[in-house]
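Take a look at the structure set out below.
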Amino acid sequence: MSNVVSALQSKVNGDGFADIRELGLQGMITLRGDLASAAVKKALKAATGTDMPGQREIFIKGDKGAAWMSPDELLVMVPYADAQATTDQLADALKGQHALVVNVSDARAVMQISGAGAREVLAKLAPVDLSQDAFQPGMIRRTRLAQAAAAFWMDSDTSFKLVCFRSEAGYVFDLLAMSASAGSEVGFLCH
């Protein structure tokens with residue numbers, strides 16, 4: 001049996017005005033269905049301890065959470081070791097419901113952008129208003145970074161987490177590192 005490794009094996013770039021880090025393995029589950037359904041809300045609460053997030057919201061409680069991805073889709077996050085058991089738990093709880101539950105942990109990569117310039121790093125790459133008034137912790141955006149699909153959220157005032165496809169992890173990491181390179185600061189969103 002082979003050892004499971006993350007896409008970039010915890011690669012770090014701290015050479016710029018923000019730090020970029022691949023965070024390693026993360027359990028991620030796509031849950032599609034009627035997000036207003038009592039059964040889906042109950043299953044989510046049992047699996048993560050969180051309530052149903054609203055549009056463009058993410059709720060994290062400890063090492064588990066749920067992010068709104070579209071009107072009928074959530075990204076459920078749990079420790080990597082718990083991903084398959086949680087997938088099975090959700091699928092069992094939603095038997096008979098019009099729902100889809102898939103463990104996508106090995107198809108995704110997670111990165112962290114941190115430091116006073118973190119907002120600016122992402123603002124250079126994504127068509128999202130990242131000003132402090134428009135984007136705050138608890139919000140998530142699904143968007144593109146250059147040509148790569150991604151979703152990101154703030155986990156503190158100076159730190160973002162970003163999810164992308166594993167197959168694009170190297171490209172996304174390099175985009176972020178280039179955007180954060182020393183001397184490229186615009187200074188508008190840095191605090």
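Residues in region 34-55: is at least one of a type in the set (Ser, Thr, Tyr), out of contact with any Lys or Arg (no Cβ under 9 Å at 6 or more places or on another chain) and assigned by TED's automatic domain parsing to the domain that holds residue 77?
As a first pass, look at region 34-55 and keep what is of a type in the set (Ser, Thr, Tyr): 37, 48, 50.
Subset that is out of contact with any Lys or Arg (no Cβ under 9 Å at 6 or more places or on another chain): 37.
Next, from what is left, pick out any that are assigned by TED's automatic domain parsing to the domain that holds residue 77: 37.
Within region 34-55, one or more residues are of a type in the set (Ser, Thr, Tyr), out of contact with any Lys or Arg (no Cβ under 9 Å at 6 or more places or on another chain) and assigned by TED's automatic domain parsing to the domain that holds residue 77.
Has region 172-179 got any residue that is surrounded by fewer than 22 Cβ atoms within 10 Å (Cβ to Cβ), within 22 Å of residue 68 (Cβ to Cβ) and either modelled with pLDDT of 95 or more or in contact with a strand residue (DSSP E or B) (Cβ under 8 Å, 6 or more places away or on another chain) (or both)? Within region 172-179, not a single residue is surrounded by fewer than 22 Cβ atoms within 10 Å (Cβ to Cβ), within 22 Å of residue 68 (Cβ to Cβ) and either modelled with pLDDT of 95 or more or in contact with a strand residue (DSSP E or B) (Cβ under 8 Å, 6 or more places away or on another chain) (or both).
For region 53-91, the set of residues classified as under 16 Å from the mean Cα position of the chain (by Cα) and aliphatic (A, V, I, L, M) consists of 58, 60, 66, 67, 69, 74, 75, 76, 77, 78, 83, listed by residue number.
When residues in region 108-155 are screened for being in contact (Cβ under 8 Å) with a residue 60 or more places away in the chain and either touching a Lys or Arg at 6+ places or on another chain (Cβ under 8 Å) or not in a loop (DSSP other than H, G, I, E, B) (or both), 19 of them pass.
In summary, residue 157 fulfils each of the numbered conditions (1) surrounded by fewer than 15 Cβ atoms within 10 Å (Cβ to Cβ); (2) of a type outside the set (Lys, Arg); (3) on the phi > 0 side of the Ramachandran plot with the single exception of condition (3). If you go through region 5-23 and keep only what is under 19 Å from the mean Cα position of the chain (by Cα), surrounded by 15 or more Cβ atoms within 10 Å (Cβ to Cβ) and of a type in the set (Gly, Ala, Ser), you end up with 6, 7, 18.
Residue 43 satisfies every condition listed in (1) small (Gly, Ala, Ser); (2) surrounded by fewer than 19 Cβ atoms within 10 Å (Cβ to Cβ); (3) not in a loop (DSSP other than H, G, I, E, B) except (2). If a residue must be outside any loop (DSSP other than H, G, I, E, B) and not hydrophobic (A, V, I, L, M, F, W, C), how many such residues does region 14-40 contain? Number satisfying all stated conditions: 6.
Quick check on residue 97: is it in a helix (DSSP H, G or I) and surrounded by fewer than 18 Cβ atoms within 10 Å (Cβ to Cβ)? Against the criterion (in a helix (DSSP H, G or I) and surrounded by fewer than 18 Cβ atoms within 10 Å (Cβ to Cβ)), residue 97 does not qualify. Regarding region 54-77, can at least one residue be identified that is surrounded by 17 or more Cβ atoms within 10 Å (Cβ to Cβ), of a type in the set (A, V, I, L, M, F, W, C) and over 19 Å from residue 142 (Cβ atoms)? Within region 54-77, not a single residue is surrounded by 17 or more Cβ atoms within 10 Å (Cβ to Cβ), of a type in the set (A, V, I, L, M, F, W, C) and over 19 Å from residue 142 (Cβ atoms). All of (1) outside any helix (DSSP H, G or I); (2) over 30 Å from residue 180 (Cα atoms); (3) charged (D, E, K, R) hold for residue 82 with one exception: (1).
The values are calculated or read from the model by the stated rules, or taken from the named source; none is laboratory data. Just so you know, these numbers come straight off a predicted model, no measurement behind them. Every residue, glycine among them, receives a Cβ derived from its backbone with ideal geometry; neighbour counts consider all protein chains shown.
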